[in-house]
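Undergrad: Supplied in structure tokens, the structure appears directly below.
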Amino acid sequence: MFTGIIESVGKVKSMQPTGGDIRLTIESDDLDFGDVKLGDSIASNGICLTVVEFGSNHYSVDVSRETIARTALEELKAGHIVNLEKAMLPTTRFGGHIVAGHVDGVGVVSKLQQDARSIYIEIEIPQEFAHYTATKGSITVDGISLTTNLVRDNIVSLNIIPHTAQVTNIAKHWLVGSKVNIEVDIVARYLERLINKSQTSGMNAPSPQSQITEAFLADNGFMK
């Protein structure tokens with residue numbers, strides 16, 4: 001699990017095709033490799049990837065065809081900047097929100113402009129995931145935990161403060177048309193499953209009635 005608070009950025013050193021998959025190597029002089037072990041998870045642009053080799057300032061991961069198809073990873077090239085976060089510890093300050101590192105799909109930056117000292121951005125996310133988002137809710141974009149300003153259909157608007165823009169890949173790589181990795185709020189996903197389960201289990205043995213209704217979720221910003 002992750003928090004969406006980026007620890008450092010890294011640079012793509014190589015992307016080597018390997019039997020239909022990709023061996024991705026990322027180097028970083030800022031990420032602390034002192035506690036990294038083989039098999040650890042590092043979120044790379046929001047994708048939870050397993051370390052299969054590492055050194056003092058780099059690590060390599062194997063990326064499956066499923067991950068390639070579901071993310072914007074193929075947009076990366078040697079030299080591209082990526083956002084990095086090691087898996088959280090039980091003692092970690094929880095500064096963002098619950099992030100699994102399991103990318104739901106690819107969004108596209110549709111608008112980007114200066115707004116005072118921050119950057120105003122609109123991202124078009126896949127339609128099938130739009131109902132998991134809410135105004136003033138949380139969304140993960142390229143591994144960054146962000147708060148939505150407003151959600152209109154499948155367009156999510158965000159304001160990026162100068163600090164976030166500078167310590168992530170936003171200032172360096174995001175342009176109108178850029179593809180970004182999207183992970184919706186995991187809490188919204190589980191709430192939907194619980195609601196659907198309760199609605200389809202009416203023919204089974206009676207179960208305790210939940211106090212969580214669709215109206216309650218809508219009133220509290222979990223549903224559009």
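The values are calculated or read from the model by the stated rules, or taken from the named source; none is laboratory data. Source: prediction; values computed, not measured. Cβ coordinates were reconstructed from backbone atoms using ideal geometry, including for glycine residues, and neighbour counts include every protein chain displayed. Heads up: the accessible areas ignore ligands, DNA and RNA and are worked out on the full protein's heavy atoms, side chains in. Shrake-Rupley method; radii C 1.70, N 1.55, O 1.52, S 1.80 Å.
Undergrad: Kindly provide the Kirkwood hydrodynamic radius of the chain in Å, to one decimal, from all pairs of distinct alpha carbon atoms.
TA: That comes to 18.6 Å for the chain.
Undergrad: While we're here: So for the chain, taking the charge dipole from beta-carbon charges (+1 Lys/Arg, -1 Asp/Glu), which of ALA69, LEU175, TYR120 sits furthest toward the positive end?
TA: Projecting each Cα onto the dipole axis, the largest value belongs to TYR120.
Undergrad: Next question, about the same structure. For ARG23, what accessible area in Å² do you get when you roll a 1.4 Å probe over the heavy atoms of the protein chains, rounding to the nearest 10?
TA: For ARG23, the solvent-accessible surface is approximately 80 Å².
Undergrad: Suppose only helical runs count, i.e. DSSP H with n ≥ 4. What mean residue ellipticity at 222 nm does that imply for the chain under -39500 (n - 2.57) per run, divided by all residues and rounded to the nearest 500 deg cm²/dmol?
TA: It lands at -4500 deg cm²/dmol.
Undergrad: Using only Cα atoms, find the angle between the long axis of helix 186-200 and the longest principal axis of the chain, and express it within 0 to 90 degrees, rounded to the nearest 10.
TA: 30 degrees
Undergrad: Which net charge results when you count Lys and Arg as +1 and Asp and Glu as -1 among the other residues whose beta-carbon is under 11 Å from that of ILE98?
TA: With Lys, Arg at +1 and Asp, Glu at -1, the net is -1.
Undergrad: In whole Hz, with x marking every Gly and Pro, tabulate ³J(HN,Hα) for region 28-34 from phi via Karplus 6.51 cos²θ - 1.76 cosθ + 1.60, θ = phi - 60°.
TA: 8, 8, 9, 6, 7, 8, x
Undergrad: Here's another thing I want to ask about it. When the Karplus curve 6.51 cos²θ - 1.76 cosθ + 1.60 is applied with θ = phi - 60°, which whole-Hz ³J(HN,Hα) does each residue of region 42-52 get, with x for Gly and Pro?
TA: 10, 6, 10, 6, x, 9, 6, 10, 9, 6, 10
Undergrad: Most fluctuating residue of PRO90, PRO126, PRO162 in a GNM of the chain with Cα springs under 10 Å: which is it?
TA: Top of the fluctuation ranking is PRO90.
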